[in-house]
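Values in this text are rule-based calculations from the coordinates and carry no lab data. All values derive from a computational prediction rather than experimental measurement. Positions of Cβ are generated from backbone atoms using ideal geometry, with glycine treated the same way; all protein chains shown enter the neighbour counts.
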Amino acid sequence: MKYLFFLFAACATITVSAQDQTVKNLRSSTERNIAKDASDTTAKKWKKGGLYGINISQGSLNNWAAGGDDFSLSVNSVLSLFAFYKNGKHNWDNTLDFNLGYVNTTSLGSRKNDDRFDILSKYGYEIAPKLNIAGLVNFRTQFFDGFTYDGDNNKTFSSTFLSPGYLLTSVGLDYKPVEGLSIFVSPITSRWIFVMDDTLSAKGLYGVDSSKHSANEIGAFASISYIKDINKILSYKGRLDLFSNYKKNPQNVDLTMSNVLNIKLSKVLSATYSLDLIYDDDVRLFGKNKTSAGLQVKSLIGIGLLLKF
């Protein structure tokens, strides 16, 4: 009987010990960190970001023998956003640029020196490595009244919101040889020009007939865009658009080019240089009689706040 009791006690002890070890194993399993399998990698479908920069400069003079304006103030800001989508053979690129500048001096008074709103959306489907068949939509205008000035500082009302405005739709091929570079070419593109202000419409400006508010052009289009962080300090964004109107003077190619170079000075301070070039054969506001087309050039440089996100 003693042997039987001893055997029963030994079995019970072994069973309890086994159960206790099982509980410990379960607890250990639930408490341990779960490491992600190295093969479980999911590529991001969206790449989004942008920057906002503002440069402010102010100066004043009093009894200054060298001469100059008693007071000057300049403010320039730029907002640039992008959202790029990539999933399999599908690509969708979106960019938005909004520039606004203001200058005030004693001799010239107040006027804007920059005003541009530009949004572009491009969808592509890959048909070969680095080559897509793509559709593109681009809208461009300004927000505030613009004026041209003669040698006597007399101003003439020349532009405002949707006067002019440009809406472009295009289908073509989009080649992306390296990251950040896109070369889009289309042999058939439709571009609408809007002049919604009645005063400007009556003058027949920007290729829209007098007293009409819109005109359509059919032509060839090419767009080259490049976004690159050169290093931790330098970054560049540029775009070149070319359009040839089949209906009128196709040899006179319209050109729109923007360049922005940022030099990082600290976490929030940077030096910015921008260069914009525009040639539009329909914009005949220059020359002796204000009837000639001309290359428009805008160059700005400044140091100020730069936020990247």
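Could you work out the pair-distance distribution P(r) of the range 141-300 from its alpha-carbon pairs, with 10 angstrom bin width and percents rounded to whole numbers?
Final binned percentages: 9, 31, 33, 20, 7, 0.
On a straight-distance basis, which aspartates and glutamates could pair with Lys298 in a cross-link, Cα separation under 12 angstrom, same-chain partners fewer than 8 positions away excluded?
Lys298 reaches Asp114, Asp115, Asp276.
Students often get this wrong, so check it: of Lys48/Lys247; Lys44/Lys176; Lys130/Lys264; Lys47/Lys130; Lys155/Lys264; Lys47/Lys247, which have C-alpha atoms separated by over 29 Å?
Violating the 29 Å limit, Cα to Cα: Lys48/Lys247; Lys130/Lys264; Lys155/Lys264; Lys47/Lys247.
With a cut-off of at most 16 other beta carbons within 10 Å, and DSSP calling the residue loop, which trypsin sites (Lys or Arg not before Pro) in the range 234-267 qualify? Please list them.
The qualifying sites are Lys247, Lys248, Lys267.
For Lys112, go through the aspartates and glutamates and keep the ones whose alpha-carbon is under 15 Å away, minus same-chain ones fewer than eight residues off.
Asp145
Name all residues of the range 223-256 having a backbone nitrogen under 20 Å from the label point set 7 Å from the Cα of Asp209 along its Cα→Cβ direction, giving them as ranges.
From the range 223-256, the list is 245-250.
Between Ile263 and Leu96, what FRET efficiency comes out of the Förster formula 1/(1 + (r/R0)^6) with R0 = 35 Å and r the beta carbon distance, rounded to 0.05?
Computed FRET efficiency for Leu96 and Ile263 comes out at 0.95.
Enumerate the aspartates and glutamates that Lys248 could reach by cross-link, defined here as Cα to Cα under 12 Å, with residues fewer than 8 away along the same chain left out.
Within the straight-line limit of under 12 Å, Lys248 reaches these aspartates and glutamates: Glu217, Asp281, Asp282.
What do you get for trypsin sites (Lys or Arg not before Pro) in the range 59-153 restricted to DSSP loop and a cutoff of at most 14 other Cβ within 10 Å of the site's Cβ?
Lys89, Lys130
Summing Lys, Arg as +1 and Asp, Glu as -1, what charge do residues with Cβ under 15 Å from the Cβ of Ile278 carry, Ile278 excluded?
Once all neighbours under 15 Å are counted, the net charge is -4.
Which chymotrypsin sites (Phe, Trp or Tyr not before Pro) in the range 104-205 pass both tests, a DSSP loop state and at most 11 other beta-carbon atoms within 10 Å?
Sites meeting the loop and neighbour criteria: Phe144.
Just going by the charge dipole of the range 197-301, with Lys and Arg at +1 and Asp and Glu at -1 on Cβ, which of Ala215, Phe243, Val260 is farthest out on the positive end?
The residue sitting most towards the positive pole is Val260.
Calculated FRET efficiency, Lys232 and Val137, Cβ-Cβ r, R0 25 Å, to nearest 0.05?
The formula returns an efficiency of 0.15 here.
Taking 0.36 nm per residue of sequence separation and subtracting the Cα-Cα distance, how much length would be gained by fully extending the chain between Ala65 and Thr105, in nm to one decimal?
Stretched fully, the Ala65-Thr105 segment lengthens by 12.6 nm.
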